[in-house]
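Structure first, then comments.
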Amino acid sequence: MALATMTARIEMRGISKQFDAVKALSNVDLTLYPGEVHTIAGENGSGKSTLLKILAGVIQPNEGLIRIDGTSHVLTSVRGAMGLGVTMVSQELSLVPNLGIAENVFLGHNQTRDFIGINWKDTEKRAAELLKRLNLTVNPKQLVSTIPQHQQQLVEIARALSFDTRVLLLDEPTSSLDPAEVKSLFNVIRQLRDDGVAVVLISHRMSEMLEISDRFTVLRDGKLIDTGVKGDVSEAWLIDRMVLNKPKKISDSTYSIENKRAVLEVKGLSDRLGAFNNISFNLHAGEIVGVAGLAGAGRTELVETIVGSRPRISGEVLIDGVVVKANSRSSINAGIALVPDDRRTKSTIHEMSVRENLLLAQHQLPFSFRSKSKEAKIVNAWCERFKIKAADIDTPIKSLSGGNQQKVVIARCLQTNPKVLVLDEATRGIDLGAKAEIYEILRGLAKEGLGILAVSSEISEIFEISDRVLVMHAGKLAADMGREEMTEANVVAAATGSNKKGDQ
Amino acid sequence: MSLKLPRWSSLPAWSGVLLLEVLLFIFMAISQPEFVSAGNLSNIVRSAAIPIVLGIGMTYTILTAGIDLSVGSVLAFSGILLSGMIDHMPRYAAVVVTIALVTLIVGGINGTLIGRFGLNSFVVTLGSLGIFRGISYLVTNGTTQNIDAGPLIRALGDGNVGPVPGPLLVVIVLAAISIFVLRSTFFGRDVYAVGGNEFAAQLAGIYTGRVKMNVYVISAACAGLAGVMQVGRLDSAAPTAGAGLELAVVAGVLLGGTRLSGGVGSITGTVIGVLFLQTVSNSLTIQGVSSYWQQIVTGVLLGAAVLFDRIRLELSSRAPSRKDKE
């Protein structure tokens, strides 16, 4: 393809975006041509999703210019971007499950109307045509909740096509698909490309990227690293640029489980909603165990069940050999506490102060009085120990940076004197400095004999802190590897389900 | 006075309503001197006391992101319960037993269904709104029960204790206790936590179901007390008493800055908010405005207050970055 001679459909120039203390993108360029499939590659946190969201009008950049068909535009809303032909299908599906397929495809726009209201017959006919283009044969009257997830994804794409979409952004469209489904999705993508649509993909699977893409853009730590075209780009080329100059640091701890007691035992744990099945493992005092896996592998569900905040169908959790009742308070009393994956929805109470948030897991009889001065002493001690930067302990937690908020949540857990600390994506949305501090804190705690279970989507993070790695794939424990087996290849292979070894 | 005013976004949510209350007072004092007569002021206090007592209970429920729509009906139910018992035991005992029974029955039903079984508070209390109004009509056959309330009950609802109106004392004591409970006990902390982020509260080991149950028990107790006060005020118990009052009470609570989504609000705000609505209504009456207008004014004020709070929040939230992370 002689791209240079074609007119670019999208030109993004000098895009920068700052989230609180985190610089998500700095001075990134992206050019998209009609009729190409363009992959944006990079590790977790490299800024791929942010870049796509900016192009889709979901978020606005702090700096930078976006030209569409040569005219510069300020995209302030998703609707505005759609009007210009740019539509995004995000990782999390955004369909309304209790409405029909056709209703979802045309939700809020473009339904055929007649004098009574919506002309369902015609709307359904047009939906069926779009679905057919995607090789999806379902009844458009069917409720979205009744079709499997990969079909829902196609409905989402149909919805995108129902707008006059000339630029289609797909954020990890294959993460929940099986190989056959991926194949049919790729056929759809090729067809769209041949129709002149510019398709942008984010994917974590190398082979898929290489198979489908015409061009590649690599981001790392929010910066544009390189671009390449099909033929020049190989797996090695990509990895080289994605992780360049950043050899994976493997934990240099000399921890050995010999003579250590198992402080946490998980036996045959199964989720009531089927997110994971029959999980068993041990965690020893002073040991840091990383839990790796792809999104949707059931890691968050597993750890939330371990601390009793999610219903289980079978299995038990033991702390120091004693079975723990399946509720949060019993877990805390038994000595296991969780730092959840999403601060906003699961761990901080936004309107409350640092003090209240830090002491949230302290309990006494309901109508007993609180000693404000004793509390202040405790909270100040934690702020000092963890270098929590807050104006004072009674400022609302929402005024703190993500890293400081997370330290408050960790302190909350530690104040309960746990024997096991469980962390889910402990450093998500946190700047590099605070990240390093949190790693340091975790290592220190392990040295004091705490057992630590850390779920993370960043392989580098897992490698940096773990003595041992559990890998989950599709709700099952796919591998349990010690430091000597820990390589990126092994972990990725287990997480994608391509290795059959190491099964317990 | 220092010239540096605090940033208005950092003021408590009820400060706007307090300012309006003061302005209204000044305006009325100038235009209608009778407004500030001792008689009228005590009238305002007496008429505000019952909705304030209900509002204090309501504040607990709204702080947990719930609501108690049954308070008006329960007020009537409580009065009728009292009228049935008053001839069979000493009056103080009748008062205690009435409030205890109301708390047990109403609080038990609402609290169990909402706290234990996790049903929606709007639906559950809408149900009990109907049930207790219906029971009140049934047992009285729809007639008003005349009661010789006696000095104790009258003092609670209408009379004076020394120079101070009894209802004012009730409000002061109840508000003081509630402010203390919400600020300085573990239960108070749990109430805010459950309303602020139920998942986080549960994960931190708070028994969220029990907290929710307790707030409906507290609200029922307040409604029971308000029913007794109403009897003292009118020397009678009517099955129609307090009809529609729940909405005025909710309006007052929200005016006072308590957020319907839970986790934010205060008793002080509730007292000011409900008092303000009563002052408005009293002022309109004195100005000779039709009582129909009062409802319209209440509606407009509520809309304005919520809008004002939203603007205040928008201004105080730092940068647009918060919205971005969706």
- Task: Just name one of A:L32, A:V324, A:G274: the one whose Cα is farthest towards the positive end of the charge dipole of chain A (beta-carbon charges, Lys/Arg +1, Asp/Glu -1).
- Result: A:V324
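What translational diffusion coefficient, to the nearest whole µm²/s, does segment B:12-311 have by Stokes-Einstein, given a Kirkwood radius computed over alpha-carbon pairs, a temperature of 25 °C and 0.890 mPa s viscosity?
127 µm²/s
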- Go through B:V253, A:V322 and list them by solvent-accessible area, largest first, probe radius 1.4 Å. A:V322, B:V253
- Message: Can you say what percent of the DSSP beta bridges in chain A, counting only those with both residues inside, are antiparallel? Round to 5.
- Response: 55 percent
- Counting only heavy atoms of protein chains, what accessible area per residue, in Å², does the protein assembly as shown have with a probe of 1.4 Å? 43 Å²
- Counting Lys +1, Arg +1, Asp -1, Glu -1, what net charge surrounds A:K132 among other residues with beta carbon under 14 Å of its beta carbon? +1
- Note on the structure: Comparing each residue of segment A:328-352 in the complete protein assembly with the chain by itself (heavy atoms, probe 1.4 Å, ligands and nucleic acids ignored), those losing at least 40 Å² of accessible area are A:S328, A:R329, A:R344, A:K346, A:I349, A:E351, A:M352
- Dipole moment magnitude, nearest 20 debye, segment A:3-242 about Cα centre, only Lys, Arg, Asp, Glu C-beta charged: 460 debye
- Query: Using a probe of 1.4 angstrom, how much of the accessible area of segment B:76-205 is carbon and sulfur, in percent?
  - Reply: 69 percent
- Report the GluC sites (Glu not before Pro) located in segment A:25-107 that are in a DSSP loop and have at most 12 other Cβ atoms inside 10 Å of their Cβ, or state none. A:E92
- Share of accessible surface on carbon and sulfur in segment A:3-242, whole %, 1.4 Å probe and ligands ignored, is 49 percent
- Task: Report B:M89's accessible area, 1.4 Å probe, all protein chains in place, as a number in Å² to the nearest 10.
- Result: 60 Å²
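Where does the charge balance sit around B:I272 when Lys and Arg score +1, Asp and Glu -1, over other residues with C-beta under 15 Å from its C-beta?
Its environment carries a net charge of -2.
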- Leading residue at positive end of dipole, chain B (Cβ point charges), from B:A221, B:Q202, B:L277: B:Q202
- Message: Taking the Cα centre as origin and putting +1 on Lys and Arg beta-carbons and -1 on Asp and Glu beta-carbons, what dipole magnitude results for the protein assembly as shown, to the nearest 20 debye?
- Response: 1000 debye
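Across all directions of projection, what mean area in square nanometres is found for the Cα convex hull of segment A:3-242?
Its average projected convex-hull area is 13.6 nm².
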- Item | Around B:R183: net Lys/Arg minus Asp/Glu count, Cβ-Cβ under 15 Å | -1
- Item | 21 Å Cα-Cα threshold exceeded, pairs from A:K53/A:K230; A:K23/A:K223; A:K48/A:K389; A:K389/A:K435; A:K23/A:K389 | A:K53/A:K230; A:K48/A:K389
- Excluding residues fewer than 8 positions from B:K212 in its own chain, the aspartates and glutamates with Cα under 15 Å of it are B:D68, B:D190, B:E198
- Message: Can you give me the solvent accessible area of A:H473 with a 1.4 Å probe, rounded to the nearest 10 Å²?
- Response: 70 Å²
- Item | Amide H contacts under 5 Å for A:V200, placed H, 5+ residues apart | A:H38, A:L168, A:L169, A:L170
- Ranked highest first by the average count of other Cβ atoms within 10 Å around their residues, in what order do A:46-57, B:70-81, B:151-162 fall? B:70-81, A:46-57, B:151-162
- Query: Per 10 Å bin, what is the whole-percent P(r) computed from every C-alpha pair distance within the protein assembly as shown?
  - Reply: 2, 11, 17, 20, 19, 15, 9, 5, 1, 0
- Determine the total buried accessible area between chain A and chain B, counting protein heavy atoms only with a 1.4 Å probe; round to the nearest 100 Å². 3000 Å²
- Note on the structure: Taking B:W14, B:W293, A:W382 and ranking on accessible area (1.4 Å, protein atoms only), highest first, one gets B:W293, B:W14, A:W382
- Query: Counting only residues 5 or more places away or on other chains, whose amide H sits under 5 Å from the amide H of A:G293 once H atoms are built in the peptide plane?
  - Reply: A:M472
- Keeping all protein chains in position, work out how much accessible area B:I26 exposes to a 1.4 Å probe, and write it in Å² to the nearest 10. 90 Å²
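Distance cut-off 28 Å, Cα to Cα: go down the list A:K17/A:K476; A:K17/A:K132; A:K267/A:K447; A:K387/A:K419 and report the pairs above it.
Cα-Cα > 28 Å for A:K17/A:K476; A:K17/A:K132; rest within.
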- Which of rounded, prolate, oblate describes segment A:342-422, given a ≥ b ≥ c as roots of the alpha-carbon gyration tensor eigenvalues and a/c under 1.5 marking rounded, otherwise prolate only if a/b is larger than b/c? rounded
- From the Cα centre of segment A:185-246 to that of segment A:404-480, the distance in Å is 31 Å
- Message: At 1.4 Å probe size, put B:Y292, B:Y92 in order of accessible surface, largest to smallest.
- Response: B:Y292, B:Y92
- Taking each residue of B:184-191 in turn, how many C-beta atoms of other protein chains fall within 10 Å of its C-beta, and what is the average? 6
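Give me the compactness ratio for segment A:193-337, meaning the Cα radius of gyration over 2.2 N^0.38 Å.
1.50
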- Surface/4 estimate of mean projected area, convex hull on alpha-carbon atoms of segment A:262-495, nm²: 12.3 nm²
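The values are calculated or read from the model by the stated rules, or taken from the named source; none is laboratory data. Since this is a predicted model, take the numbers as computed values, not measurements. So basically every Cβ, Gly included, is an ideal-geometry build from the backbone, and we count neighbours across all protein chains shown. Accessible surface is based on the protein model in full, side chains and every heavy atom, while ligands, DNA and RNA are left aside. Shrake-Rupley method; radii C 1.70, N 1.55, O 1.52, S 1.80 Å.
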